[in-house]
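Step one of this worksheet: look at the structure below.
The values are calculated or read from the model by the stated rules, or taken from the named source; none is laboratory data. The shown structure was predicted, so the numbers you read here are calculated from the model rather than taken from an experiment. A quick note on method: Cβ atoms are made from the backbone with ideal geometry, for glycine too, and the neighbour counts reach across all protein chains shown. Just so you know, the surface numbers come from the protein's heavy atoms only, side chains and all, with ligands and any DNA or RNA stripped out. Shrake-Rupley method; radii C 1.70, N 1.55, O 1.52, S 1.80 Å.
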Amino acid sequence: MRLTETADVWWKNAVVYCLDVETFFDTDGDGRGDLRGLAQRIDHLAELGVTSCG
């Protein structure tokens, strides 16, 4: 099957996650999550089944 035949229906089989970085994991103690905290927990997210699409 060609990509052009499926590109408009990718969302029918997709699982979409939304992660709020500000509330996820705080590494510098300021009370807000940060990208460094997110990066430290990538393995945890992968165990949950999160994958990248790009």
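Gly49 falls short of the stated requirement of being open to solvent by less than 70 Å² (accessible area, probe 1.4 Å) and touching an Asp or Glu at 6+ places or on another chain (Cβ under 7 Å). Note on the stretch 15-47: residues that are part of a loop (DSSP other than H, G, I, E, B), of a type outside the set (Ser, Thr, Tyr) and in contact (Cβ under 8 Å) with a residue 12 or more places away in the chain amount to 7.
Restricting attention to the stretch 18-29, which residues are open to solvent by less than 80 Å² (accessible area, probe 1.4 Å) and among the acidic types (Asp, Glu)?
Listed by number, the list holds a single entry, Asp26.
For the stretch 1-17, a residue qualifies if it is open to solvent by less than 70 Å² (accessible area, probe 1.4 Å) and either at pLDDT below 70 or touching a strand residue (DSSP E or B) at 6+ places or on another chain (Cβ under 9 Å) (or both), and the qualifying residues are Thr6, Ala7.
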